[in-house]
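Below is one structure, written out as structure tokens; comments come after it.
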């Protein structure tokens, strides 16, 4: 797991509005993607996360500049079974 985040926000604003949001499947049956554009209270921000072996593991990148933000996620929809150290699919792919 790797995470990096930096955020500089306007403390006098709580603005958050979705401009555009989309998502869908990939050729791999357990992987999905999402993108989003937002109006936010962030003046400057970067958020990057790369995770494995945890619930919804994948890559998450978020960039914010002057009240607008963009987000990209590529992730696994499955949950991680910590006791057995494997993916738990609840019969979806069985």
Open item on the list: Conditions first: (1) more than 26 Å from residue 9 (Cα to Cα); (2) assigned to a strand (DSSP E or B); (3) within 14 Å of the chain's Cα centre (by Cα). Residue 80 passes all but one, so which condition is the exception?
Closed with: (3)
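Yes or no: residue 36 closer than 12 Å to residue 9 by Cα and surrounded by 14 or more Cβ atoms within 10 Å (Cβ to Cβ)?
Working: closer than 12 Å to residue 9 by Cα: no; surrounded by 14 or more Cβ atoms within 10 Å (Cβ to Cβ): yes.
Criteria not met by residue 36.
Bear in mind that the values in this text are calculations on the coordinates, not laboratory data. Every value quoted in this text rests on a predicted model; they were computed, and no experiment measured them. Positions of Cβ are generated from backbone atoms using ideal geometry, with glycine treated the same way; all protein chains shown enter the neighbour counts.
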